[in-house]
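Accompanying notes for the structure given below.
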Amino acid sequence: MMKKSMFVVLAFVLFAAMVAPAFAEEATTTSAATTSASATTAKITCVGAAVAAREAALGAAMTAYTSAENAAYTARAQALAAAYSSTTAKEVRTAVNAAWSTFRTSEKTARKAWQTSRNAAWATSRKAANTCKAPAGVSDHGNSGLESFAN
C-alpha cells in the first residue's frame with residue numbers, strides 16, 4: 001500500500017511539473033497581451049490628443065482668418081462708399097485705387113497668417129504624433145492635403 005501511495009504522489013508531482021510551465025506560459029502570454037493592448041491604447045490616445053490640439057489650433061486660426069477677411073471687406077465697402085461720395089472723377093479714382101490697394105494688402109496679410117498658422121498646426125501635430133509611436137494607420141496626417149490652403 002505504501003508503494004502504491006508513493007507511486008501516486010510521484011505521478012502527481014511529475015504531472016504538476018509538466019503542467020505548471022504551460023499554465024505559467026499562458027498567464028505570461030495573457031499578461032503580455034494585456035500589457036501590449038494597454039500600451040497600444042495609450043499610444044492611440046496620445047495620437048488623439050495631438051489631433052485634438054491640431055484641430056483646436058486650426059479652428060482658432062480659421063476664426064482669425066475669417067475675421068480678418070470680414071474686416072477687409074467691411075473696410076473696403078466703407079472706403080468705396082466714401083470714394084463715391086466725392087465730387088470729382090479724379091478724387092473718386094484716387095480713393096477707389098486706395099480702397100482696393102488696402103483691400104489687397106489686408107487679403108494678403110490674412111492669407112499669409114492663415115497659411116503660417118495652418119502649417120504650424122500640422123507640423124506640431126505630426127511631431128507630437130510621431131513621439132506617440134502609435135501603430136501605422138492610426139494617424140490622419142495623410143489627409144493634410146484636403147486642408148483649405150486659401151491660396
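Only one entry of 48, 59, 142 meets the criterion of being at pLDDT below 95 and loosely packed, with under 14 Cβ neighbours inside 10 Å, and that entry is 142. Being farther than 30 Å from residue 36 by Cα, loosely packed, with under 14 Cβ neighbours inside 10 Å and in contact (Cβ under 8 Å) with a residue 40 or more places away in the chain is the requirement here; does residue 88 meet it? Judged against the criteria, residue 88 is not a match.
Within the set 123, 98, 128, the sole residue that is in contact (Cβ under 8 Å) with a residue 12 or more places away in the chain, within 17 Å of residue 55 (Cα to Cα) and among the hydrophobic types (A, V, I, L, M, F, W, C) turns out to be 128. Among the residues making up segment 34-54, those that are under 29 Å from residue 146 (Cα atoms), without any contact (Cβ under 8 Å) to a residue 60 or more places away in the chain and not hydrophobic (A, V, I, L, M, F, W, C) are 41, 45, 48. Does residue 67 satisfy being touching a helix residue (DSSP H, G or I) at 6+ places or on another chain (Cβ under 9 Å), exposed (fewer than 14 other Cβ atoms within 10 Å of the Cβ) and in a helix (DSSP H, G or I)? Spelling it out, residue 67 is indeed touching a helix residue (DSSP H, G or I) at 6+ places or on another chain (Cβ under 9 Å), exposed (fewer than 14 other Cβ atoms within 10 Å of the Cβ) and in a helix (DSSP H, G or I).
The values are calculated or read from the model by the stated rules, or taken from the named source; none is laboratory data. On a predicted model such as this, the values are computed, not experimentally measured, just so you know. As a convention, Cβ positions derive from the backbone with ideal geometry for all residues, glycine included, and neighbour counts pool all protein chains shown.
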